[in-house]
Amino acid sequence: MMFGTLLEEALQAMGANRLRSALTMLGMIIGVGAVVLMMAIGQGAQAMVSEAIASMGSNLFIILTGSSTSGGVRMGGGTVPTLTVTDAQAIGELPEIASVAPAYSNIAQVIYGPNNWATSIMGTTPAYFEVRDWHPVSGTVFTDSDVRSATRVIVLGQTVVQNLFGNEDPVGKTVRVKNSPFLVVGVLEPKGQSLDGRDQDDTSMVPLTTAQRQLFGNPFPGMVRFIMAKARSSEAMPRAEKSLIELLRTRHRIRPGQEDDFTVRNLTALAQTAAGTTRTMSVMLGAIASVS
């Protein structure tokens, strides 16, 4: 009875002060809406970063070739050919490394019928698909036998397929790369954007020897542009990084005190840093929204 009386008086007061009541309700709606919106933005950003990290693969290192200095200007990593296939083979023998893949890449035009698309062509080995945890959704990937024979076979990323074939199944079809015919043996699953915004699906893979001998040439026999390595576990990554550096310094005859002629990047650590930054941003957005 008392509650009904109080409710009736409250409704009468709200009716008598309609503008004040409407403004109060509007403020509450805006405040709650701001909290919900800000939290949704933060959670969405975290989800995007988590998805990008998962698409990279786990426990990854990328080893880049060395830098050079010309006329007092110091170039970045990757300007001097210092890594070889045998370096990759030696890295693969380290107990902390699960798999390793050398790579030699460049940009080239891929042509199918009247359609063409400029994309990254990566010459590598079958281990690359294991390192990146990247599987075909159609067909298969090339084999070690294809690498030994420098076979003209190619595995396409989703973006390349969409621009060349549309809804047509590309497996078994022939495309041309630099006027050379290549048989499409597989199509990779979509990976989406990387942490730096690159389209990971805008790529194609061919056997390493095919890229070196038939597509791009290689003035330094056995030279590769970079090497990707996968540690056996996240716990093994610090030991793996130390072993990588020691091994390459020994192989490249780098004396104590001299700079490395290569660069080792811990991709998993970079990804974790990005994830931590996103979490911090999410907390800050929530705090700002709470004040609102």
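Any residue in the range 132-149 that is within 20 Å of Gln212 (Cα to Cα), crowded, with 21+ Cβ neighbours inside 10 Å, of a type in the set (A, V, I, L, M, F, W, C) and under 17 Å from the mean Cα position of the chain (by Cα)? No, that holds for no residue. Note on the range 206-229: residues that are under 10 Å from Tyr104 (Cα atoms), assigned to a helix (DSSP H, G or I) and of a type in the set (A, V, I, L, M, F, W, C) amount to 2. Among the residues making up the range 188-211, those that are surrounded by fewer than 21 Cβ atoms within 10 Å (Cβ to Cβ) and either free of Cβ contacts under 8 Å to residues at least 12 places away in the same chain or more than 14 Å from the chain's Cα centre (by Cα) (or both) are Asp196, Gly197, Arg198, Thr209.
Leu244 satisfies every condition listed in (1) at pLDDT 90 or above; (2) within 24 Å of Ile97 (Cα to Cα); (3) part of a strand (DSSP E or B) except (3).
The values are calculated or read from the model by the stated rules, or taken from the named source; none is laboratory data. Worth saying up front: this structure is predicted, and the values here are computed from it rather than measured. Cβ: placed from backbone, ideal geometry, glycine included. Neighbour counts: every protein chain shown.
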